[in-house]
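Participant: Shown below is the structure under consideration.
Just so it is clear, none of the values below were taken in a lab; they were calculated from the coordinates. Here the structure is a predicted model, which means the values were calculated and not measured. Neighbour counts are summed over all protein chains in view; Cβ atoms, including those assigned to glycine, are modelled from backbone coordinates with ideal geometry.
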Amino acid sequence: MDENLAFLAILVVILFGFAFFANLSTSSGPLATPPNPDAEFGVVREQKSVFDVFEPPPPPPPTDDTTQTEDKTIESEKKEERYKQYFSISSANARSRNPDTEYIDIQYNPPENESVYISNWKIANKRGGSFRLGEVTNFPGTGTTPNSSPLIIPQGGIIHVITGRSPRGENLRLNKCAEYFQEHNEYIPSLSVSCPPPAQEPGQDGLNDECFDYVQGLWSCRLAEPPPVGFGDRCAEYVRETASYVGCVDNHRQDKDFFINEWWVYLNRPEQMWSDVRETITLSDERGIVIASESYD
C-alpha cells in the first residue's frame, strides 16, 4: 500500500514537471509567435510617461462678450488719442487765493462737430486732490425744468471750473437770458451775454400807448419796476411776465441760439484748489487717462 502511494506521488511530480517544461519551450523559444504580428523583438524603446504624450486642449474661442469688450477698449483708446489733441487747459485765474475767484478753463476745439460726454471726467492738482466735473443745469432758475443734465461739450465749448461755491447752488450752462442772474449775484468770470431787450418782445400790440412807451424804455436783463397803476392791469401783467428771467426763457427757449457753449462748474470748496506758486493741472477721462494738462511756476 505504501509503495503504491509513493509510486503515485512520483508519477504526479513527473507529469507536472513535463507540463511545466513543455509550456516553457512553447512560450519563450526562438519560434514563438508574438501576440501582435507587427511587434518587434530585440528592440528596446524608451519608456514615456503619460505626461510626455499629453497635449493640453486648445484654448476656447473668444466669446461675444470678450470680443465686444476688446472692441470697446480699442475704440476708447482711439478716442482718447483724438481728445488729447483737441482738449486744452488754461490756468486762467488759478493763482487766486480766494476760492470764489479761483478758476481754470477747459477748452475743446476739434476740427469737426463732435460732442463729448465728460460728466465723469476729473480735474486734479499735483498733490493728488481730484474732483469730478459732474452734471449741469441747462435751464437754471426755472422750477418746471429738471435741474440735472449731463455735461456734454460740443465743438468750441469752454468750461469755467470755479473752486468756490455757486451763487445759485448749481452748475449752469450759459443761455441768452442768464445775465438776469448778475443783477443780484456776482459771477467769476462774468456771464458774458446780453439778454433780448423787453422792447423787442412779442405781444405789445394790445398795450395802450402809455404802457408801450414804458416798455420801450426798460433795460435788458434787469427786473422791471411795476408800471404806474394808471397804465392798467394788462400793462402790469405784461411787464411782470416779460421783463424777467423766467419770461425771457419762456419767450426764447426754442431759439436756435438760446444756448451758448459755455459752462460754469463749481467745486464748492472752501479753500484753494491750485497753488499760487507752481502747479500742474490735469484733466482725466473716466478711465483715468490724462487727456490734457497745464503747468505753471
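Participant: Taking amide hydrogens as modeled 1.01 Å from N in the peptide plane, which residues meet the under 5 Å criterion relative to LYS126, leaving out close sequence neighbours?
Facilitator: Under 5 Å from the amide H of LYS126: THR280.
Participant: Using the Kirkwood radius over C-alpha pairs as Rh, can you work out the diffusion coefficient of the range 134-205 via Stokes-Einstein at 25 °C, viscosity 0.890 mPa s, in µm² per second?
Facilitator: Details: Rh = 13.9 Å.
For these conditions, the coefficient is 176 µm²/s.
Participant: When the dipole is taken about the Cα centre of the range 183-254, and only Lys, Arg (+1) and Asp, Glu (-1) are charged at their Cβ, what size is it in debye, to the nearest 20?
Facilitator: Values: 4 positive and 12 negative charges, 50 e Å.
The dipole magnitude comes to about 240 debye.
Participant: Report the one residue of PRO197, VAL229, TYR214 whose Cα lies farthest in the direction of the positive end of the charge dipole of the range 183-254 (charges on C-beta: Lys and Arg +1, Asp and Glu -1; origin at the Cα centre).
Facilitator: Towards the positive end, the residue furthest out is PRO197.
Participant: Okay, moving on. Run the numbers for GLN204 and ASP255: contour at 0.36 nm per residue of separation, minus the present Cα-Cα distance, in nm. Don't jump to the answer; show the numbers that get you there.
Facilitator: On the way: separation 51, 0.36 × 51 = 18.36 nm, distance 1.97 nm.
Extending this stretch completely gives an extra 16.4 nm.
Participant: Report the gain in length on full extension from ILE188 to SER90: 0.36 nm times residue separation, minus Cα-Cα distance, nm rounded to one decimal.
Facilitator: Values: separation 98, 0.36 × 98 = 35.28 nm, distance 1.51 nm.
Gain on stretching ILE188 to SER90: 33.8 nm.
Participant: Suppose R0 equals 25 Å; then what is the FRET efficiency for TYR296 and ASN120 from their Cβ-Cβ distance, rounded to the nearest 0.05? Intermediate results must be reported in sequence, preceding the final value.
Facilitator: On the way: r = 26 Å, r/R0 = 1.06.
Once the sixth-power term is evaluated, E becomes 0.40.
Participant: Report the gain in length on full extension from ARG269 to SER220: 0.36 nm times residue separation, minus Cα-Cα distance, nm rounded to one decimal.
Facilitator: Details: separation 49, 0.36 × 49 = 17.64 nm, distance 3.30 nm.
Gain on stretching ARG269 to SER220: 14.3 nm.
Participant: While we're looking at this one, here's another question. Between ASP276 and LYS79, what is the spin-label point distance in nm, taking each point 7 Å from the Cα along the Cα→C-beta axis?
Facilitator: Taking the two extended label points, one gets 4.0 nm.
Participant: Relative contact order (percent) for the range 183-254, with alpha-carbon contacts under 8 angstrom and 6 or more residues of separation? Don't skip to the end; give the middle numbers.
Facilitator: Values: 62 pairs, mean separation 22.4, N = 72.
Reported relative contact order: 31 percent.
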